[in-house]
Every structure is written in structure tokens, then in C-alpha cells.
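Structure first, then comments.
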Amino acid sequence: KLEDSRQQIQAEADRRIAAAEQRAAEAEAAAAESHEAAVRLETEIERRVMEGTEDVRREAEESVRQLVEKVEREAEEAARTRAEDQLRMESDRIRVQAQRREDRVREATEDEIKASVGRARREAQAAAEEIAPAWLRGGGQEPKASTAGYRTF
């Protein structure tokens with residue numbers, strides 16, 4: 001019973017971790033899309049620069065490259081931070097739920113143990129009453145005093 005609960009908790013944790021990883025993958029896909037937009041921007045700038053001087057073109061290329069790197073870096077950092085935060089929150093929530101489930105299972109197990117002990121005690125008392133001498137089974141009454149073997153005055 002405890003093993004089944006542990007397996008259910010593990011399966012739930014695995015499903016939630018997979019969901020968190022999926023969200024992280026989506027965030028990385030958004031970063032890739034930002035990168036593609038930056039590349040398109042770079043292409044447009046290059047076309048316009050070709051019409052200008054070589055110096056202006058070189059400066060524009062460097063500026064675009066730096067801008068693309070900055071945008072990529074910021075998008076990646078933001079996506080990673082979001083994904084890590086979501087994963088951490090999900091892990092904490094799963095951990096708390098697992099602890100609560102474990103506590104409930106432990107409490108139920110303790111209750112079951114107490115019930116088993118009570119049942120065993122009652123069975124032992126019933127068995128003891130069945131094999132006890134008749135004078136002891138008399139409902140707790142004292143046996144009548146016998147004078148056999150004793151002198152009374």
C-alpha cells in the first residue's frame with residue numbers, strides 16, 4: 001500500500017517535471033524566434049548599408065551583430081530564468097504534495113497498526129477466557145471459599 005502510494009507520487013512527479021520541461025522547451029523556442037527576427041533585421045540593415053559607404057556598412061554590421069548578440073542573450077536569459085522558476089515552483093509543489101501524501105499514508109498505517117493490535121488483544125483475551133479455569137471465567141467473581149484441607153475453628 002505504501003509502495004503503491006510512493007509509485008503514484010513518483011509518476012505524478014514525473015508527469016509534472018515533463019510538463020515543466022515542455023514549458024522550458026517552449027521558452028527556448030520563443031528565444032529562437034527572437035533570434036530569427038534579429039537575423040531578418042540584420043538582413044534588412046545589410047541591404048540598406050550596401051547602398052552607403054564601406055565604412056558605414058562595417059559600422060552597421062558591427063552594431064547589428066552586437067544588437068543581435070544582446071537580444072539573443074537577453075531572450076535566452078529570460079527564457080532560462082522563467083523555465084527554472086517554473087521548474088523550481090513545480091518541484092516544490094510536488095515535494096510538498098508528496099510529503100503530505102506520505103504523512104497521510106503514515107497516519108493511516110499507524111491507525112491500521114493500532115487496530116491490528118486492538119484486534120490481537122481482543123482475540124488473545126477471548127482465547128485466554130476460553131482456556132481459563134471455570135472459577136476464573138466466572139465473570140471476575142471470587143470463587144467460593146472451600147474449607148477442604150483447612151481447619152476452621
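Give the residues of region 1-10 that are among the hydrophobic types (A, V, I, L, M, F, W, C) and either modelled with pLDDT of 90 or more or not in a helix (DSSP H, G or I) (or both), sorted by residue number. Outline the logic, then answer.
Quick first cut of region 1-10, residues among the hydrophobic types (A, V, I, L, M, F, W, C) only: 2, 9.
The answer is none; no residue qualifies.
Residues are listed down the side, and each one gets a yes or a no for (1) modelled with pLDDT of 85 or more; (2) charged (D, E, K, R):
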residue	(1), (2)
82	yes, yes
88	yes, yes
125	yes, no
132	no, no
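Looking at residue 37, is it out of contact with any Lys or Arg (no Cβ under 8 Å at 6 or more places or on another chain), in a helix (DSSP H, G or I) and surrounded by 14 or more Cβ atoms within 10 Å (Cβ to Cβ)? Spell out how you get there, then give the answer.
Details: out of contact with any Lys or Arg (no Cβ under 8 Å at 6 or more places or on another chain): yes; in a helix (DSSP H, G or I): yes; surrounded by 14 or more Cβ atoms within 10 Å (Cβ to Cβ): no.
Judged against the criteria, residue 37 is not a match.
Got at least one residue in region 85-96 being exposed (fewer than 13 other Cβ atoms within 10 Å of the Cβ), in a helix (DSSP H, G or I) and touching a Ser or Thr at 6+ places or on another chain (Cβ under 9 Å)?
Keep residues of region 85-96 that are exposed (fewer than 13 other Cβ atoms within 10 Å of the Cβ), which gives 85, 88-89, 92-93, 95-96.
Subsequent filtering for residues that are in a helix (DSSP H, G or I) retains 85, 88-89, 92-93, 95-96.
Next, only the ones that are touching a Ser or Thr at 6+ places or on another chain (Cβ under 9 Å) stay: none.
No: zero hits.
Are there any pairs, at least 6 apart or on different chains, whose C-beta atoms fall under 7 Å, with the first in region 26-42 and farther than 11 Å from residue 64 by Cα and touching a residue at least 40 places away in the same chain (Cβ under 8 Å) and the second of a type in the set (A, V, I, L, M, F, W, C) and assigned to a helix (DSSP H, G or I), and if so, which?
What qualifies is 27/79; 27/83; 28/79; 30/79; 31/75; 31/79; 34/71; 34/75.
Regarding region 43-65, can at least one residue be identified that is part of a helix (DSSP H, G or I), at pLDDT 90 or above, of a type in the set (Ser, Thr, Tyr) and more than 30 Å from residue 13 (Cβ to Cβ)?
Yes, that holds for at least one residue.
List the pairs whose first member sits in region 92-115 and is closer than 17 Å to residue 10 by Cβ, whose second member is assigned to a helix (DSSP H, G or I) and of a type in the set (Val, Ile, Thr), and whose Cβ atoms are under 8 Å apart, counting only residues at least 6 apart or on separate chains?
94/17; 97/9; 98/9; 101/9; 102/9
Quick check on region 67-77. Is at least one of its residues without any contact (Cβ under 8 Å) to a residue 12 or more places away in the chain, within 27 Å of the chain's Cα centre (by Cα) and over 30 Å from residue 9 (Cβ atoms)? If you could, list the steps in order and put the result at the bottom.
Going through region 67-77, the residues without any contact (Cβ under 8 Å) to a residue 12 or more places away in the chain turn out to be 69-70, 73-74, 77.
Filter once more, so that each one left must be within 27 Å of the chain's Cα centre (by Cα): 77.
Retained after the next criterion (residues that are over 30 Å from residue 9 (Cβ atoms)): 77.
Looking for residues that are without any contact (Cβ under 8 Å) to a residue 12 or more places away in the chain, within 27 Å of the chain's Cα centre (by Cα) and over 30 Å from residue 9 (Cβ atoms), one finds at least one in region 67-77, hence yes.
Collect the residues in region 83-135 that are under 19 Å from residue 6 (Cα atoms) and of a type in the set (Ser, Thr, Tyr), keeping them in residue-number order.
The answer is 91, 109.
The values are calculated or read from the model by the stated rules, or taken from the named source; none is laboratory data. What you see is a predicted model; the values in this text were computed from it and never measured. Cβ coordinates were reconstructed from backbone atoms using ideal geometry, including for glycine residues, and neighbour counts include every protein chain displayed.
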